[in-house]
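Everything below concerns the one structure shown next.
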Amino acid sequence: MSLVEAPAQRSRLGSSADRVGLAALLIATVCLVAIGGKWVSGPLTSVVVLVLLAVIVGVIVLAWRGGTEARRLLAPYGLLKPGMLWLGLFFLAPLWSLLRISLSTKESRFDINYNFSWAFENYQTAFTEFGGQFSRAFLYAGIATVLTILIGYPLAYVIAFRGGKYKNVLLGLVVVPFFTSYLIRTIAWSTILSDEGVVVSFVKGLGLVPVLEALQIMDNGRLLNTPAAVIGGLTYNFLPFMLLPIYVSLEKIDIGLVNAANDLYSTNSAAFRKVVFPLSMPGVFAGTLLTFIPAAGDFVNAQFLGNPNTTMIGNSIQDQFLRQNNYPVASAMAAVLMVSIAALVLLYTRLFGTEDLA
Amino acid sequence: MIRSRTKVGKQLLNVLAGVALVYLFVPIIFIVAFSFNKPRGKFNLIWQEFTWDNWLKPFSDPGLTDAFTRSLEIAAISTLIATFLGSLMAIALARYSFKGHNGFNFFLVLPLTAPEIVLGSSLATLFLGQNFVDFGLVTIVIAHVMFQVSFVALTVRARIRGFDWTLEHAAQDLGASPMRTFWKITFPLILPGILAASLLAFALSIDDFIITFFNSGSEQTFPIYIYGASRVEISPQINVLASIVLFASVAILAIGNFSGKRKGSGRKQRKLARA
């Protein structure tokens, strides 16, 4: 798709500059991961730093001497390089060091140093002591994801198909609540759901407490500090991540297709089931990923809206890492969370995947 | 009969959507209303009486004010860096086809698919046990740029996908140097996309809690201050500042919408980006 025509004259080095550029970028990234992830240590570190510098200087020299052809081929890699190196050092290398620490042992709580020793018992601890937190995280995030579809889809549908000239205003209204801080919103919910709050007194006034307790939404006449409150908080906080992708895919649908279905004597509901809903699946798919992933790792909602029996894996990671200074076990839990989410995403993509993503 | 049933169905859907919209606003109404409350104790959680005092003294909580300005500083610095890095990546991906194109595309999405707690804790393990930087301002900025870069790159890439790159050739055919072409033609045309992406990145930075929490050390950003204070004291000034941010962003949104309509330029840009 390159639009710039290649000059007739080309040097051998110049024409293979893209291979050199790609290799240089990859080598530089690997070097940074090696240094940042403490893959190498001691004198080897300086060797890796030298390789890194040599690669960068080499590419600059090639761009300078290689002529326009080489410069054109190198340009995309040059543009990518600063961002890639940042992500290499501060996204990839940390993942490596996370895995390393998850297999390390630490003398005591107050010791900062840790020793790498293939300590698989950290993973054992993660599963045996925090298995409940793992399953709750996935359960709560799953329920919250389904709820965001149930709440978000009708709203997205109405905005996309019946919004008319108010489409943008309505879309703005959907986004506006999320301009206030995440924490403040969650704290606000804890006040709204509290025992003296509006919702509880309303429910009590209507005499609905036994009904909600039967549905396991309320517990001993309380709404706050229940699993339902945590799930409710997750649903609220991640709703726009579901609603906006669904809206985007609904908005793309050609209304003529729906009219065609109606002309062929399809009922409105059949037209929705056979035409609109399948075409909106990419939005639901993207929304599910964007909602489930952050919800599964969240600890804010469980902390402000839950009780000690509703903690999620995020709470445990945070507590072990920042309060107990137990980096190895916290890292093991984070690694398990990351891998299981990646596995779920892969499985989900295989089952429902569309090419419209990203 | 069928006709009336579908009408009822139509109304029902509208009602559902309306309820969902109200649901979105419940805590917001609450936050704004309680900024006018005069709490008895330290916790601004139970309605007592109406007062203007909090709005007349929005900065009377020094810790909160410091944290708020610190958050603005961090957001400004990290957004500048991330916008620069991310836009370059977006231009590379949208403008050129090259070896490894799909691989880089895939790699950019990866940080978005990892839960924040994994990003935060893993970055903190990188900073543990080294002597180059202490946890604080620098590590927070590094962390924010890390998650902003992907957002910026993907947003800008989406906005400039339909950009007509032959305009560059036209300019160069007319004798413009590559530099001049970029600053006179390309840059002004992709600027709206870059600005939109940087606004998004700024908002993400201001509101980030989980990743910052792991990498802040003793530094207090706005969300971190609120988190720490929420056990001891919830002052009405928190609600005032939250309301100010809310109203300011609504105003920006409204002005953007209004001026876009009047000039028609915003819409044209959007069409260009969509094409």
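We did not get these values from a lab; they are worked out from the coordinates using the rules stated. Note that the structure is a prediction, hence the values are computed from the model and not measured. All Cβ positions, even for glycine, are placed from backbone atoms using ideal geometry, and neighbour counts span all protein chains on display.
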Any residue on another chain or 5+ positions along whose placed amide H is under 5 Å from the amide H of A:Ser104 is listed here as A:Ser117, A:Ala119
Looks like chain A, by Cα gyration tensor root eigenvalues a ≥ b ≥ c and the a/c under 1.5 rounded cutoff (else prolate when a/b is bigger than b/c, oblate otherwise), is oblate
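Given A:Lys252/A:Lys274; A:Lys167/B:Lys184; A:Lys252/B:Lys184; A:Lys204/B:Lys7; A:Lys274/B:Lys7; A:Lys165/A:Lys252, which pairs have Cα atoms separated by over 23 Å? Don't skip to the answer; put the middle values down first.
Details: A:Lys252/A:Lys274 16 Å; A:Lys167/B:Lys184 34 Å; A:Lys252/B:Lys184 33 Å; A:Lys204/B:Lys7 35 Å; A:Lys274/B:Lys7 20 Å; A:Lys165/A:Lys252 16 Å.
Exceeds cut-off: A:Lys167/B:Lys184; A:Lys252/B:Lys184; A:Lys204/B:Lys7.
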For chain A, the longest principal axis of the Cα atoms and the Cα long axis of helix A:93-102 enclose an angle in degrees, to the nearest 10, of 70 degrees
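Work out the length of the dipole vector of chain A about its Cα centre, built from +1 on the beta-carbon of each Lys and Arg and -1 on the beta-carbon of each Asp and Glu, and round it to the nearest 20 debye. Provide the component values of the computation, followed by the final result.
Values: 23 positive and 18 negative charges, 186 e Å.
Roughly 900 debye for chain A.
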In order over the stretch A:209-225: 3J(HN,Hα) from phi, Karplus 6.51/-1.76/1.60, θ = phi - 60°, whole Hz, x for each Gly or Pro, gives 3, x, 4, 5, 5, 5, 7, 6, 8, 9, 9, 6, x, 10, 10, 6, 6
Taking every other residue with Cβ under 12 Å from the Cβ of B:Ala17 and scoring Lys and Arg +1, Asp and Glu -1, one gets +2
1/(1 + (r/R0)^6) with r = Cβ-Cβ of A:Phe277 and A:Arg323, R0 = 60 Å, i.e. FRET efficiency to nearest 0.05, evaluates to 0.85
Given the candidates B:Leu93, B:Leu174, B:Ile29, the one whose Cα lies deepest towards the positive end of the charge dipole of chain B, counting +1 at each Lys or Arg C-beta and -1 at each Asp or Glu C-beta, is B:Leu174
Computed from the beta carbon distance with a Förster radius of 30 Å, FRET efficiency for A:Val169 and B:Trp55 to the nearest 0.05 stands at 0.65
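What is the Rg over Rh value, at two decimals, for the stretch B:73-118, using alpha-carbon atoms and the Kirkwood definition of Rh? It would help to have the intermediate numbers written out before the result.
On the way: Rg = 13.1 Å, Rh = 12.3 Å.
Taking Rh as the inverse mean 1/r over Cα pairs, Rg/Rh reads 1.07.
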The long-range amide H neighbours of B:Phe43, using H built 1.01 Å from N in the peptide plane and a cut-off of under 5 Å, are B:Ile234
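Per DSSP H run of at least 4 residues, take -39500 (n - 2.57); add these up for chain A, divide by its residues and hand me the 222 nm value, nearest 500 deg cm²/dmol.
It lands at -23000 deg cm²/dmol.
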For B:Trp183 and B:Tyr23, extending 7 Å from Cα along the Cα-Cβ vector and measuring point to point gives, in nm, a value of 5.3 nm
Scalar couplings 3J(HN,Hα) for the stretch A:275-284 by Karplus 6.51 cos²θ - 1.76 cosθ + 1.60 (θ = phi - 60°), nearest whole Hz, x for Gly and Pro, are 10, 5, 4, x, 6, 8, 4, x, x, 4
For chain A, the longest principal axis of the Cα atoms and the Cα long axis of helix A:121-162 enclose an angle in degrees, to the nearest 10, of 70 degrees
Output row, site B:Ile46, 7 Å Cα→C-beta label point, backbone N cut-off 16 Å, window the stretch A:177-201, residues A:191-201
Given a Förster distance of 51 Å, the FRET efficiency implied by the Cβ-Cβ spacing of B:Ser97 and A:Thr45, rounded to the nearest 0.05, works out to 0.90
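Where a ≥ b ≥ c are the square roots of the eigenvalues of the C-alpha gyration tensor, would you call chain B rounded, which needs a/c under 1.5, or, failing that, prolate if a/b is larger than b/c, or oblate?
Taking the square roots of the gyration eigenvalues as a ≥ b ≥ c, chain B is oblate.
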In terms of the alpha carbon gyration tensor, root eigenvalues a ≥ b ≥ c, rounded if a/c is under 1.5 and otherwise prolate when a/b exceeds b/c or oblate, the stretch B:137-221 is prolate
Sparse-neighbourhood loop hits (trypsin sites (Lys or Arg not before Pro), the stretch A:84-174; DSSP loop; Cβ within 10 Å at most 14 others) -> A:Arg109
Using eta = 0.692 mPa s and T = 37 °C, Stokes-Einstein with Kirkwood Rh from Cα pairs puts D for the protein assembly as shown, in µm² s⁻¹, at 122 µm²/s
In whole Hz, the Karplus estimates of ³J(HN,Hα) for the stretch A:336-352 (6.51, -1.76, 1.60; θ = phi - 60°; x where Gly or Pro) are 5, 4, 4, 5, 5, 5, 4, 5, 4, 4, 4, 4, 4, 5, 4, 6, 10
Treating only Lys and Arg (+1) and Asp and Glu (-1) as charged, each at its beta carbon, one finds that the protein assembly as shown has a dipole about its Cα centre, in Debye to the nearest 20, of 2200 debye
Taking a crude spin-label model, label points 7 Å out from Cα along the C-beta direction, the A:Ala54 to B:Ser218 distance in nm is 4.4 nm
Distance in nm between A:Asn259 and B:Leu112 label points, each 7 Å along Cα→Cβ, equals 3.3 nm
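Helix by helix through chain B, keep the DSSP H runs that span 15 Å or more along the axis on Cα and average at least -0.5 on Kyte-Doolittle, and give those back in order. All intermediate terms of the calculation are to be shown ahead of the outcome.
Numbers: long enough: B:2-34 (48 Å, 1.42); B:62-95 (48 Å, 1.10); B:101-113 (19 Å, 0.85); B:116-127 (17 Å, 1.54); B:137-160 (33 Å, 1.72); B:187-207 (30 Å, 1.92); B:236-263 (40 Å, 0.97).
Membrane-span-like by this criterion, though nothing is claimed about a membrane: B:2-34, B:62-95, B:101-113, B:116-127, B:137-160, B:187-207, B:236-263.
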